[in-house]
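Take a look at the structure set out below.
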């Protein structure tokens, strides 16, 4: 979430990668540039801190500078269920290599409940997984959705088909991380990396003013209690199944 979130990645991710022996790091970057969208400079900054792939969501398009980098930078994904055959920049799924040379598939999807309607994320998931599974057994899904019910449904729908279904979008980390019966790691929302003293990353006084008056206000990023939220997924490379998922929330000192 904006500059504070990028600072959290800078200060915390290298140590986490070393502590856990992380082979591959994925982050949702749709709010990375000023809280809305992404730019080429911001993407390069985050890659430099140790992120391997950036996924997106409904805010990916709120910075026009981001259109070009989403189109040209292969390590940035946007939701795969945008209408097929339309001129939408970028791609929604790809296979990447981790630090050991192993292949990891990453799929980005966006929900439809309380959000802009897109193509069916469930059918889009099956389409993209059928392609990814020809190249790798390890497939990580970022499901960017508002409704808890839709995220939980996707977890059960893809259990045994993918390695992990990681929810994003609400900025509030949930406590339901688990390994589903057929080996898929799941969490409803991985949380937010950024300032936690506001309202989902925005200065609380501004949000409260809008909540009370119902008038539009210009959002400004909060600044304090900067944290990195995330999960660490342990994977059996032979089967592509997850063996553990651990949630964490670490504060920048």
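Some notes on this structure:
- The eigenvalues of the Cα gyration tensor, multiplied by 5 and square-rooted, give region 35-129 an equivalent ellipsoid with semi-axes of 22, 18, 11 Å from largest to smallest.
- C-alpha long axis of helix 2-20 to longest principal axis of the chain, angle in °: 40 degrees
- Centre-to-centre, using Cα atoms only, region 53-96 and region 186-234 are separated by 23 Å.
- With Cα atoms, 0 to 90° folded angle of helix 121-132 axis to the chain main axis: 50 degrees
- Helix-only [θ]222 nm of the chain, DSSP H runs n ≥ 4, -39500 (n - 2.57) each, per residue, nearest 500: -8500 deg cm²/dmol
- Applying 1/(1 + (r/R0)^6) with R0 = 30 Å to the Cβ-Cβ distance of residue 182 and residue 10 gives a FRET efficiency near 0.20.
- As a rough footprinting exposure proxy, the listed residues 170, 100 were ranked by other beta carbons within 10 Å of their own, and the order from fewest upward is 100, 170.
- Debye-sum result for region 1-63 in log10 I(q)/I(0), which assumes one identical scatterer on each alpha carbon, at q = 0.13, 0.20, 0.21, 0.24 Å⁻¹: -0.31, -0.70, -0.76, -0.95
- Ranked by how many other Cβ atoms sit within 10 Å of their own Cβ, fewest first, the residues 41, 253, 151, 36 fall in the order 253, 41, 36, 151.
- Take the Cα radius of gyration of the chain and divide it by 2.2 N^0.38 Å, N being the number of residues; the result is 0.96.
- If R0 is taken as 25 Å, the Cβ-Cβ distance between residue 208 and residue 149 corresponds to a FRET efficiency of 0.35.
- Residue separation of residue 122 and residue 249 scaled by 0.36 nm, minus their Cα-Cα distance, works out to 42.8 nm of gained length.
- With respect to the chain, whose longest principal axis is taken over its alpha-carbon atoms, helix 204-213 is tilted by about 70°.
- FRET efficiency for residue 134 and residue 234, using Cβ-Cβ distance with R0 set to 30 Å, rounded to 0.05: 0.80
- Peptides 57-66, 77-86, 127-136, ordered by how many other C-beta atoms sit within 10 Å of their residues on average, highest first, read 57-66, 77-86, 127-136.
- P(r) for region 84-125, from all Cα pairs and a bin width of 5 Å, is 5, 17, 21, 23, 14, 10, 7, 3 %, short bins first.
- 14 Å reach of a label modelled at residue 75, 7 Å along Cα-to-Cβ, counting backbone N of region 232-253: none
- Centre separation in Å (Cα based) which lies between region 1-36 and region 102-166: 22 Å
- Share antiparallel - DSSP beta bridges, the chain, percent rounded to 5: 50 percent
- Shape class of region 71-203 from the alpha-carbon gyration tensor: rounded, with the ratio a/c of largest to smallest axis under 1.5.
Read-outs: derived from the displayed coordinates by stated rules, not from any lab. Because the structure is a prediction, the values reported are computed rather than measured. Note that we place each Cβ from the backbone using ideal geometry, even for glycine, and neighbour counts take in every protein chain shown.
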